[in-house]
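Below you'll find the structure, written out as structure tokens, and then a few comments.
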Amino acid sequence: IPDAAAALAAIDSLVSDTIPPTLQLTTSYQKEYLQVNLTAEDLGGSGVRIMAFATGNRRLSYFAHGTVGQVLTEPTLLLSKPGLYTFYVSDYAGNEAIYSYEVADDTIPPVISARQACGRHRNENVYY
């Protein structure tokens, strides 16, 4: 069987992916939403298969190999509530990882700058 012989001859050149994918998370604030930006990378070479998340602190087993949790199809997640979230990532070789991430609320007040249009102090900045 020529195909089987070729497969057995090439077995030494196969590369095994045993490295779980990584996930970098950052938070930014977009009006009424908390935006979580996700960057997934698989250094093992098989490629990122799925990203998902769940509220609270979860164990890896909770995600049941990517069949449980909210699947992420975009590298950006918009949330309306701060809190602790668990993010899941897996690759095509079956390697998995989870990351607990605290999404903090935006507590920095906005700065308003106004100019006085009339009166004796023209073009003076007024801060509130």
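The values are calculated or read from the model by the stated rules, or taken from the named source; none is laboratory data. From a predicted model like this one, the values you see are computed outputs, not experimental measurements. Heads up, the Cβs are rebuilt from the backbone with ideal geometry, glycines too, and the neighbour counts pull from every protein chain shown. Keep in mind that these areas ignore ligands, DNA and RNA; they rest on the heavy atoms of the full protein, side chains included. Shrake-Rupley method; radii C 1.70, N 1.55, O 1.52, S 1.80 Å.
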Please determine whether any residue of the stretch 58-73 is out of contact with any strand residue (DSSP E or B) (no Cβ under 8 Å at 6 or more places or on another chain), at pLDDT 95 or above and open to solvent by less than 80 Å² (accessible area, probe 1.4 Å). yes
Can you say whether Asp3 is surrounded by 12 or more Cβ atoms within 10 Å (Cβ to Cβ) and either closer than 24 Å to Asp106 by Cβ or not aliphatic (A, V, I, L, M) (or both), as far as the supplied structure shows? no
Can you work out which of the residues in the stretch 93-113 that are surrounded by 13 or more Cβ atoms within 10 Å (Cβ to Cβ) and free of Cβ contacts under 8 Å to residues at least 60 places away in the same chain is nearest to Leu23 (Cα to Cα)? Ile98
Which of the residues spanning the stretch 14-57 are open to solvent by less than 80 Å² (accessible area, probe 1.4 Å), over 14 Å from the mean Cα position of the chain (by Cα) and among the acidic types (Asp, Glu)? Asp17
